[in-house]
Amino acid sequence: MDVPSLTRWIQEFHRAIAVHKALLTQLDSAIGDADHGINLDRGVQAVLAALDTHPPAQVCELLRDVATTVLSAVGGASGALYGTFFLRMATAAGPQPALGGVAFAQALRAGLQGVAQRGKAVVGDKTMVDALAPALDALDAALAEGAGLGPALHRAAVAAQAGRDATVPMLARKGRASFLGERSIGHQDPGATSAALLIAAAATVFGDPVFADPGFTDTVG
C-alpha cells in the first residue's frame with residue numbers, strides 16, 4: 001500500500017461518510033451532539049483538499065497530514081480520537097514509501113491503541129473501540145492464517161459490523177452518551193458506526209471482491 005492507494009482509502013471513507021451522513025447525525029442526535037456525520041463529512045473533505053494541495057511523498061506523511069487536518073477540522077471528541085488514530089498510524093508506519101499487509105495491520109493496531117488510551121475506553125464502553133477492536137483481532141487472525149490482505153480485510157469489516165451492532169444494547173460508559181445512563185441503551189453508537197465505515201472502506205479499496213455491508217441501512221431500529 002503506497003501513498004496513492006492509501007489516498008483512495010481516505011477517498012472511499014469520505015464517500016461512505018457522505019452517503020451515510022444523515023444516519024450518523026441521527027444516531028448522534030439520540031446520545032450525543034447531533035453533529036457526528038456533519039463534522040466527519042466536513043473534516044474528511046478538508047483532508048482530501050489538503051492532500052490534493054500538498055501531495056505527501058511517504059506513507060507516514062500522508063497519515064500525519066490526515067491526523068493534523070482532522071484535529072483542526074473536526075470538532076469535539078471525534079476530531080481528537082480520529083486525529084489520534086491516524087497520528088499513531090503514522091508513527092507506526094515510519095518513513096516508508098509503501099506498507100505491506102502486516103505493516104498496515106500493525107499501523108491500524110497502533111491507531112486503535114491510541115484511541116483507547118485517549119478515550120480511556122475498552123470494549124463494552126459503547127465507543128468506536130467496540131468496532132475497531134474486533135475488526136483488528138479478525139484482521140490479525142486472518143493474516144496469521146495466511147489469508148491475503150483482501151480476504152483478511154473483508155473479515156475485519158464483517159467483525160467491525162458485528163461490533164458496531166453490538167453497541168445497541170450497551171450502557172454507555174464514556175463520552176457524552178454516558179451522561180444519559182440507562183437511556184443510552186437501545187441506541188447504536190455513532191463512533192462505532194463511522195469506525196466500521198473506515199474498516200469497510202479499507203476492505204473495498206484493498207479487497208476483492210468489493211466489501212458490501214448487508215446490515216447497513218440509513219434507518220435506525
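Among the residues of region 42-59, just one is of a type outside the set (V, I, T) and either surrounded by 21 or more Cβ atoms within 10 Å (Cβ to Cβ) or within 13 Å of the chain's Cα centre (by Cα) (or both), namely G43.
Considering only residues in region 119-135 that are in a loop (DSSP other than H, G, I, E, B) and within 16 Å of R109 (Cβ to Cβ), the one that is nearest to the chain's Cα centre (by Cα) turns out to be M128. Out of curiosity, is P4 modelled with pLDDT of 90 or more and not in a helix (DSSP H, G or I)? Against the criterion (modelled with pLDDT of 90 or more and not in a helix (DSSP H, G or I)), P4 does not qualify. Considering region 4-13, and only residues there that are of a type outside the set (F, W, Y) and crowded, with 19+ Cβ neighbours inside 10 Å, the residue that is farthest from F86 (Cα to Cα) turns out to be E12.
The single condition among (1) modelled with pLDDT under 95; (2) over 13 Å from the mean Cα position of the chain (by Cα); (3) surrounded by 21 or more Cβ atoms within 10 Å (Cβ to Cβ) that G75 does not satisfy is (3). With the requirement that a residue be more than 17 Å from the chain's Cα centre (by Cα), in a helix (DSSP H, G or I) and without any contact (Cβ under 8 Å) to a residue 24 or more places away in the chain, what does region 7-40 give you? S29, the sole residue that qualifies. When every residue of region 79-98 is checked against the conditions, at least one turns out to be touching a residue at least 60 places away in the same chain (Cβ under 8 Å), outside any loop (DSSP other than H, G, I, E, B) and surrounded by fewer than 21 Cβ atoms within 10 Å (Cβ to Cβ). Look at (1) out of contact with any Pro (no Cβ under 8 Å at 6 or more places or on another chain); (2) modelled with pLDDT of 90 or more and you find that L24 fails only one, number (1). Residue pairs whose Cβ atoms lie under 6 Å apart, sitting 6 or more positions apart in sequence or on different chains, and linking a residue in region 154-172 that is on the phi < 0 side of the Ramachandran plot to a partner that is of a type in the set (F, W, Y) and in a loop (DSSP other than H, G, I, E, B), are H154/F211; A157/F211. Taking the stated definitions as given, is A67 among the aliphatic types (A, V, I, L, M), surrounded by fewer than 19 Cβ atoms within 10 Å (Cβ to Cβ), in a helix (DSSP H, G or I) and without any contact (Cβ under 8 Å) to a residue 60 or more places away in the chain? No: the conditions fail for A67. Residues in region 138-185 that are loosely packed, with under 14 Cβ neighbours inside 10 Å and more than 27 Å from W9 (Cα to Cα) were compared, and the one that is nearest to the chain's Cα centre (by Cα) is P169.
Annotation for region 112-120: at least one member residue is surrounded by 16 or more Cβ atoms within 10 Å (Cβ to Cβ) and under 21 Å from A50 (Cβ atoms).
The values are calculated or read from the model by the stated rules, or taken from the named source; none is laboratory data. All of these numbers come straight from a predicted model, not from anything done at the bench. Glycine also receives a Cβ, built like all others from the backbone with ideal geometry; neighbour counts cover every protein chain displayed.
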